[in-house]
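The values are calculated or read from the model by the stated rules, or taken from the named source; none is laboratory data. All values derive from a computational prediction rather than experimental measurement. Heads up, the Cβs are rebuilt from the backbone with ideal geometry, glycines too, and the neighbour counts pull from every protein chain shown.
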């Protein structure tokens, strides 16, 4: 019984004095320094060494190691001082950076969970119109000046193998909407526009082709994750508001 | 009663000894220069064994059980010696696992994101990147085919070269010689190692037209520092013979 108690005490003492976040006696092995118990990560130190001097630990001189460590300690000291001074309450750049960082943290956390194939399939089915190739048109836009009643040669505007989105920008929405319905070789009815009467001659209309799931999976995954991040951010904000004590002056709203 | 007490005490000592040994080796693993670990049989073996478990639980779902990836999904093969990000060293891999790629973590590899040239806004980050026409995209694909040493239409490849080093802005990430930049994760387009698709004109055109935004999560808040290092050692081992360095 005495031996068991002794073993238990040894294990408890070991855990107490080496558990992360509680050590006051030594720098944890994953860190290179503690600044007021705030760790400076060893892997970040190595990265900084590589970034600043282009060397790994084995090839860094003592002066280089000292410089990088001093810089990182200085940064930590000033960050801690910034918290003491509550700089976030007055510096708009710090506030913006903090908001951005918290939003990024929410997103980064969301991304560690991988959706299942079934979830991705369901998302793909629910948003199928998004996952198609961009259509391509080649057409001629014959423009007759208003009032000529067909006399005289029209001006001809060529749309040569453009994606749908580009053709829409160049032609305008109403003309493009008429054009996209035309088959190869098709000719539109006259379309009256402020700049004249348009007759569209479709030479080739390659309509969007839906991607199968395999081809679209990359984008489906990206969209699924972005939507999940949006939900999380909304949820986090709702949670923060709910637990916060927000008082609003009577005359504001 | 005495015998049971003795057995329990002995068992407690054994467990304590095992835990203490693991903690000791783990501490040595963390304090070691990452570059030296592959040459240390004890540390690398310890790291590989533990890293394999972590890989199976967190990474295999994308990278596959053997780490061979999937070009249909843009998942890189971790068993070859082609590294898109960094140098493929233990510390480079460790940084990727820790902070991710396009992971939204501020310290992640977030710069490289392939624009979607067949959309009205090719890049959400840089409005100067123009949209391209279908012909432009075909020409760029032909240029890349030529750069890979394959038979290509010379005229189309020449037009593609002009786009690559000019209006399309490809040189900015992929370097003027199209050999990529591992400092930002822009792939070498002159080799035949493809992250997406089968290297055909069609798959290259698909990447140019619709962009690519593969992602590796940041595990810094989900895995302990020791776990991240162990996973890095395991991933490193997938592309290196055991213990040799």
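What about residue A:80, is it surrounded by 11 or more Cβ atoms within 10 Å (Cβ to Cβ) and in contact with a strand residue (DSSP E or B) (Cβ under 9 Å, 6 or more places away or on another chain)? So residue A:80 passes the test. Looking across segment B:93-128, the residues that are under 16 Å from the mean Cα position of the chain (by Cα), within 9 Å of chain A (Cβ to nearest Cβ) and over 13 Å from residue B:215 (Cβ atoms) come down to B:94, B:95, B:98, B:107. Selection of helices (runs of 4 or more DSSP H) fully inside segment B:2-84 by the criterion of at least 3 residues being without any contact (Cβ under 8 Å) to a residue 12 or more places away in the chain and under 25 Å from residue A:11 (Cα atoms) returns B:2-31.
Scanning segment B:40-63 for residues that are closer than 12 Å to residue B:228 by Cα, away from every other protein chain (no Cβ under 14 Å) and out of contact with any helix residue (DSSP H, G or I) (no Cβ under 7 Å at 6 or more places or on another chain) returns a single hit, B:53. Checked against the criterion of being in contact (Cβ under 8 Å) with a residue 40 or more places away in the chain, part of a helix (DSSP H, G or I), closer than 30 Å to residue B:162 by Cβ and out of contact with any helix residue (DSSP H, G or I) (no Cβ under 6 Å at 6 or more places or on another chain), the candidates B:128, B:138 yield just one match: B:138.
Residues in segment A:24-60 that are out of contact with any helix residue (DSSP H, G or I) (no Cβ under 8 Å at 6 or more places or on another chain) and either modelled with pLDDT of 95 or more or in a strand (DSSP E or B) (or both): A:34, A:39. Scanning segment B:1-14 for residues that are within 43 Å of the chain's Cα centre (by Cα) and facing chain A (nearest Cβ under 8 Å) yields B:12, B:13.
Which of the helices (runs of 4 or more DSSP H) contained wholly in segment A:95-200 include at least 3 residues that are surrounded by 13 or more Cβ atoms within 10 Å (Cβ to Cβ) and facing another protein chain (nearest Cβ under 10 Å)?
Per the criteria, A:164-171.
Taking the criterion of being crowded, with 21+ Cβ neighbours inside 10 Å and either without any contact (Cβ under 8 Å) to a residue 40 or more places away in the chain or not in a loop (DSSP other than H, G, I, E, B) (or both), the residues of segment B:179-204 that qualify are B:186, B:204. Could you please let me know if residue A:68 is at pLDDT 90 or above and surrounded by fewer than 17 Cβ atoms within 10 Å (Cβ to Cβ)? No; evaluated as a whole, the condition is false for this residue.
Can you name every residue in segment B:85-101 that is at pLDDT 90 or above and assigned to a loop (DSSP other than H, G, I, E, B)? B:85, B:88, B:89, B:100 - these are the residues of segment B:85-101 that are at pLDDT 90 or above and assigned to a loop (DSSP other than H, G, I, E, B). Applying the condition of being more than 11 Å from chain B (Cβ to nearest Cβ) and touching a helix residue (DSSP H, G or I) at 6+ places or on another chain (Cβ under 7 Å) to segment A:209-231 and asking which residue is modelled with the highest pLDDT yields A:210. Taken over segment B:191-211, the criterion of being facing another protein chain (nearest Cβ under 9 Å) and over 20 Å from residue B:61 (Cα atoms) is satisfied by B:206, B:209, B:210, B:211.
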